[in-house]
Amino acid sequence: MNATEIDMSTTVRVVDIIEATTVDGPGFRTSIYFAGCGHNCPGCHNPSTWDFSSGRDMMFKEIMEVIRRNGFNVTFSGGDPVYQAEKLIPLAELIKKMGLTIWCYTGFTYEALLSDSSASHLLSLIDVLVDGPFIASLKDTDLIFRGSSNQRLIDTARSTRERIELWQPEF
């Protein structure tokens with residue numbers, strides 16, 4: 001499917017969109033917080049996004065208007081966006097067509113996502129995956145772009161099933 005065939009009236013469940021944030025990846029970003037998470041990590045900083053019915057349905061058209069308006073790279077967060085992986089694939093394709101990068105936060109591990117066809121397809125469109133559940137006992141405020149030391153910043157383009165390559169900051 002190419003961008004001209006994507007139904008812009010398709011909806012995904014969104015709790016919030018934060019423009020010009022600098023905490024969900026490098027530089028200014030548009031962070032989209034998707035509804036729903038089954039991980040329920042103790043100490044999570046976004047428990048209000050766990051409910052799959054929280055937020056509202058937003059059309060791709062509405063989301064893309066925000067992204068186009070500011071032109072920042074994009075972060076998928078939540079909740080856990082991977083629960084909506086199949087629906088997010090065409091949205092991610094639109095974002096990539098604009099030449100923007102996508103980071104994605106998930107409580108699932110990279111390895112687990114590779115075994116799911118929709119999640120694996122979404123991974124192919126993600127530049128950096130921040131994987132793994134938040135574990136309060138491993139919380140480390142010195143880490144960049146993640147909350148606990150078990151979470152990895154995975155460079156998905158350079159990673160394979162056999163070898164995971166971590167993202168390295170350029171600053």
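The values are calculated or read from the model by the stated rules, or taken from the named source; none is laboratory data. Note that the structure is a prediction, hence the values are computed from the model and not measured. Glycine also receives a Cβ, built like all others from the backbone with ideal geometry; neighbour counts cover every protein chain displayed. Only protein heavy atoms, including side chains, enter the accessible area calculation; ligands, DNA and RNA are left aside. Shrake-Rupley method; radii C 1.70, N 1.55, O 1.52, S 1.80 Å.
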Those residues that are surrounded by 11 or more Cβ atoms within 10 Å (Cβ to Cβ), assigned to a loop (DSSP other than H, G, I, E, B) and among the acidic types (D, E), I need them from the range 149-171; list them, please. E165
Does M64 fit the bill of being more than 17 Å from the chain's Cα centre (by Cα) and over 21 Å from L153 (Cα atoms)? no
Yes/no for D51 being touching a residue at least 24 places away in the same chain (Cβ under 8 Å), over 14 Å from V12 (Cβ atoms), open to solvent by 50 Å² or more (accessible area, probe 1.4 Å) and not hydrophobic (A, V, I, L, M, F, W, C): no
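With of a type in the set (V, I, T), open to solvent by 30 Å² or more (accessible area, probe 1.4 Å) and touching a residue at least 12 places away in the same chain (Cβ under 8 Å) as the only criterion, which of I63, I135, I126 stands out?
Details: I63 fails: open to solvent by 30 Å² or more (accessible area, probe 1.4 Å); I126 fails: open to solvent by 30 Å² or more (accessible area, probe 1.4 Å).
Selected residue: I135, the only one of I63, I135, I126 that is of a type in the set (V, I, T), open to solvent by 30 Å² or more (accessible area, probe 1.4 Å) and touching a residue at least 12 places away in the same chain (Cβ under 8 Å).
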Do you know which residues across the range 1-41 are within 16 Å of the chain's Cα centre (by Cα) and in a loop (DSSP other than H, G, I, E, B)? T22, V23, D24, G25, P26, G27, F28, A35, G36, C37, G38, H39
